[in-house]
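What follows is one structure encoded as structure tokens, with my remarks underneath.
The values are calculated or read from the model by the stated rules, or taken from the named source; none is laboratory data. If you're wondering where the values come from, they're calculated on a predicted model, not measured in any experiment. Glycine gets a Cβ as well: all are built from the backbone with ideal geometry, and neighbour counts include every protein chain shown. The area values use the complete protein model at the heavy-atom level, side chains included, leaving out ligands, DNA and RNA. Shrake-Rupley method; radii C 1.70, N 1.55, O 1.52, S 1.80 Å.
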Amino acid sequence: MQVQLNVVLFNQRLQAILKAWNTAPNDSDYSSISDVQALLLTSGDPAGEDEPIRKGTAFQTWLLGYEFPSTFILFQRDRVYVLCSASKGVALTMFSHNVSDEPFFAAKILSQIKGSGSPVPVDVLIQAKAKEPPTDALPKFLQAYATHSRVGALTKESQSGKLVEEWNKAISELEPKPTLIDMAPAVSAFMAVKDEDELKSMRAAANLTSTLLAHHVVLKLETILDREAKISHEAFATQIESRLGYGEGETAKGPDMKVWSKGRGLTDVDWSSTEFCYTPIIQSQSTSTGYDLSPAAESSSDDIAHKGVFLVALGMRYKGYCANLGRSFIVDPSKEQEAIYHLLTSLQGEIIQHLKEGAVARDVYQRALTFIKEKKPELEKHFVKNVGHGMGMEFRDSTYLLSSKNGRTLRSGMVFNLVLGFQDLEENGKKYSLQLVDTVQINNEKAVFLTTGIKLDKDTMFFLNQEVNGEAKQSGAPAKKPPVTKVNGNASPTKNKMAGGKVLRNKTRSAAQEEMNQSTATKIAEHQRELHGRLQTNGLARYSESGGGTGRNEGKGWKRFQSYKGEAALPKEAENLRIYIDRKAQTIIFPIHGFAVPFHINTIKNVSKNDEGDFTYLRVNFQTPGQLAGKKEDTPFEDPDATFIRSITYRSPDGHRFDSISKQITDLKKEVNKREQQKKEMADVIEQDVLVEVKGRRPVKLPEVFIRPALDGKRLPGEVEIHQNGLRYQSPMGSQRVDVLFSNVKHLFFQPCDHELLVIIHVHLKAPIIIGKKKAHDVQFFREASDVQFDETGNRKRKYRYGDEDELELEQQERKRRQMLNKEFRLFSEKIAEAATASTGDTLEPDIPFRELSFEGVPFRTNVRLQPTTECLVHLSDPPFLVVTLADIEMASLERVQFGLKQFDMVLIFKDFTKTPLHINSIPSAQLDDVKNWLDSVDIPLSEGPVNLNWGPIMKTINEDPYEFFQQGGWTFLGGAPGAEESDPDDASQSESEFEGEVSVSESSEDSESDYDDGSDASEDEGSGSDFGSDDSDGDDWDELERKAARADKKHVETGKGHDSDDSDRPKQKSGAKTKTKTKTKPKKR
């Protein structure tokens, strides 16, 4: 597709620039360029997708219709110079994405503006291609630039790229250098007043935003509140964003026309030119960072609250032009909240009257402030610091900020984002904010709204409580009636039974304990049923919108390997037509029918050598489809139906040469495989930005600490410093240091030295970094709690003291030392959190492990103590460290939960199904209830099973099509919530066999149990004395035993035996209990 510039539009806008420049001394809007002789617009490499649009990029696109990277434009009053590249580039545009991948020659396209009709001559200077001799384009452009003493430029923007580097080098050698003046205010003024085509694009963007809010966001929010659905702010924002379509290739889905068809004037929208300005911002009272009215706010990963205030902000861009709106929704608002919201709507109606031709920005803000003082003066301190900003190709043009200090004059045709709000308000001890944001167009009489809808009380306020102060109110969403639980004050008749005329007091206490355990188990079972149902619903919703699984589109892909770019690149040794190993090119050159044919080492599977008679045979096997090669069985090929060479064989009487060739090929293969493995291992390692050191004061330090992973050299303590954007660990010799940026910190932990040998500050990273020669996901700073400098045996005081006084004193000193260490490290961790929060804007708090909730397990190879925290499950005492974020866990599967086994295993399945599940083995069965209670308390669905499952094939099946997996019941194959239903073992075995569960316990598990089998014989001997002394899980419960005793008494009375034969009856009772235990088919609840 040929890129055509709108030459007429370029000439019009160039004429407007020159006219405004010439009248700049008389116009305050262009005062910044009134005394400059030239204007310089530079453009380097394109900015990243996540970066906001630069003013220079917006100006270039506004002028030319497209973005041209590595292009400089010099405006003079009588001539325009354009410096560009002659090589191929990529057409970048904000008006249409249809040509986004079309190769083009920038010089050829820009030459279109040299035609007739231009107000001044335009010279296009073309740089030479990479391998051609340089042209005089850059010297000519530099010469024109150097003739001026004052040049306007965007001085606050930094560019990068080859052309920018050449330009900076040339400028550094230039004497004298022109003085650069910031022309950003003038550039904003050039683009501020929109023509009809621009206004048409902005109206379309506003219609898209309003339609999305009214016909999807509000309806979805009502559903969430009505059903009390558990969904995070981030997930809700992602669902909103997917209304524009998602996915790539064959699985890509287009815009959701069920939503967009309800909007006005959206029938001829170019969807390829439509995008979001930012990910939608959803906030509620459960947002951990609090309410934030700035456009830089983000939707957090916290679950949406179902009461209080909700803030929603949406921004969409159409053909490069932006529109934005924001709304507040309140559930069960108080009278005060209703009054404040009404004040916001009234204020908006008042301000819209003053936004008109000739109005001054600061007067608009002062009018808003005066209005608030008249109506509710106590709200003045909560009012926002500005009421909006200019909008166009730039989402936020700060030159036209509606603040108390801006003296800019508003013109008809300008577009503003009108932002009204109150922040840090308080209701019932909880803080909240309210906002009302719209995009408006300035006209001669008053501004008009481009974004509309969802402002009235009936649209923004929900009343879930049907009765307030005795009066029934109409409900926006029907209130749910809480389940009525009937409390039975009478005890069960079986609880008050008597045996032999005496109250069994032990039984009564046991019954109370059993009743409490049953009530706890019932609560867990009910909660787990709810969690499993929610998990199934969320899974269907997530994957019905995001398409199929990852197994079809991702994973292994075909890679092309190029040995040589052409025949001329072949080495000279190829002319001998002998087998040659080119290690540099990682290629083997084979002679085939008189031709030297190169094969990349990655196409070769292996090589073998055989001696037969006087000849040696060398066989080379190639990678081909259809081979049963274990893990490489599913290696993809570009065209599996093509004809492949399976192997090639050479014969030679020179066996020594074939020995050498075979060894060289094998060594090269090993070397390449090792390099690929290292590259794969380091794929997720990031290169951090530069640490910005604190200036003007000394950084906060924590001295005498060690670091893990340890640095090279002798183990000596160093110090940790808190700088502006990160931490720095400095070794004592000063030769080694480790920098950790706050932007890469995911979790911060402080582990006190209570019951531990170390006091620890642990940093878990979002992406690993290189420390020494290895990558590290965690960085830990610690100090030993024991005082190694104290020599207990050589203490002089022992000579003069007798008894335990000296030992008591030592214990007190030890306790005091540990308290001081904990306090020092805790305060330092809090200072780290404060600095990180100030640097990134995201709240970071030190997390402390709960030792009372800890349990033992084997996550790697050794048995360690695992401790839950508020957000994670961690082991920090010894490497390898374990940090599992609870929010990333889909569910937990408890395996080998059987009567008689002293240990069980736990498998944590992550929400990202491509991650391998985490196995924590050999957890003591005595801690099963504690683990279940903890998992249930942090809302993690769990399941129980008697066998270990083979999770490799299970996750592979799920990844192939997650939506199909959830349609077929999802995680119900694991048996659902523990204790939720009593199913037969046959049913359980059938559901488990679907995923090839391992029926028998592995030998390693039995071995591990035997290691911790303490005194099992002793316990059996103790329990053999009486039936009532045995574990109740080994036989009948108390009620059953009482019923048997009653029947036995009745039988004795009838037969006349009485109670004299109790001792003789016990063996029968015991054998009967044993028989019952062996033959029972229904598992007991734990």
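Give GLY390, GLY358 a once-over and let me know the one that is closer than 25 Å to GLU198 by Cβ, surrounded by fewer than 16 Cβ atoms within 10 Å (Cβ to Cβ) and touching a Ser or Thr at 6+ places or on another chain (Cβ under 9 Å). If you could, list the steps in order and put the result at the bottom.
Working: GLY390 fails: surrounded by fewer than 16 Cβ atoms within 10 Å (Cβ to Cβ).
None of the others qualify; the one that does is GLY358.
Filter region 42-65 down to residues that are assigned to a loop (DSSP other than H, G, I, E, B) and either closer than 19 Å to VAL164 by Cβ or open to solvent by less than 30 Å² (accessible area, probe 1.4 Å) (or both), then give me how many there are. Reasoning before the result, please.
Applying the first criterion (assigned to a loop (DSSP other than H, G, I, E, B)) to region 42-65 yields 42-54, 65.
Then drop every residue that is not either closer than 19 Å to VAL164 by Cβ or open to solvent by less than 30 Å² (accessible area, probe 1.4 Å) (or both), which leaves 42-48, 51, 53-54, 65.
Total satisfying the criteria: 11.
Restricting attention to region 868-908, report how many residues are free of Cβ contacts under 8 Å to residues at least 40 places away in the same chain and at negative phi. Full working, then the answer.
Of the residues in region 868-908, the ones free of Cβ contacts under 8 Å to residues at least 40 places away in the same chain are 870, 873, 875, 878, 880, 882, 884, 888, 900, 904, 908.
Remaining after also requiring at negative phi: 870, 873, 875, 878, 880, 882, 884, 888, 904, 908.
Residues that pass the stated criteria total 10.
Under the condition of being in a loop (DSSP other than H, G, I, E, B) and in contact with a strand residue (DSSP E or B) (Cβ under 7 Å, 6 or more places away or on another chain), which residue from region 716-730 is nearest to ARG698 (Cα to Cα)? Spell out how you get there, then give the answer.
From region 716-730, those in a loop (DSSP other than H, G, I, E, B) are 716-717, 723-725; that's our starting set.
Subsequent filtering for residues that are in contact with a strand residue (DSSP E or B) (Cβ under 7 Å, 6 or more places away or on another chain) retains 717, 725.
Numbers: PRO717: 20, ASN725: 15 Å.
My answer is ASN725.
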Residue within region 688-698 that is modelled with pLDDT under 85 and within 31 Å of the chain's Cα centre (by Cα) present: yes
Flag if MET906 is in contact with a Leu (Cβ under 8 Å, 6 or more places away or on another chain), open to solvent by less than 30 Å² (accessible area, probe 1.4 Å) and modelled with pLDDT under 95: no
Residue in region 950-967 that is touching a strand residue (DSSP E or B) at 6+ places or on another chain (Cβ under 6 Å), at pLDDT 90 or above and open to solvent by less than 60 Å² (accessible area, probe 1.4 Å) present: no
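In region 174-185, is there at least one residue being open to solvent by 60 Å² or more (accessible area, probe 1.4 Å) and under 30 Å from PHE329 (Cα atoms)?
Taking region 174-185 and keeping what is open to solvent by 60 Å² or more (accessible area, probe 1.4 Å), we get 175-177, 179-180.
Among the residues that remain, those that are also under 30 Å from PHE329 (Cα atoms) are: none.
No, region 174-185 has no match at all.
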Hey, THR635 surrounded by 13 or more Cβ atoms within 10 Å (Cβ to Cβ), modelled with pLDDT under 85 and farther than 23 Å from ASP582 by Cβ or not: yes
Residues that are farther than 30 Å from LEU402 by Cβ and part of a helix (DSSP H, G or I), drawn from region 153-202: LYS162, LEU163, VAL164, GLU165, GLU166, TRP167, ASN168, LYS169, ALA170, ILE171, SER172
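Kindly state which strands (runs of 3 or more DSSP E) lie completely within region 836-939 and contain at least 2 residues that are among the aromatic types (Phe, Trp, Tyr). Step through it out loud before you land on a result.
Details: elements: 855-857, 864-868, 872-875, 882-885, 889-895, 903-910, 918-924.
So the answer is 903-910.
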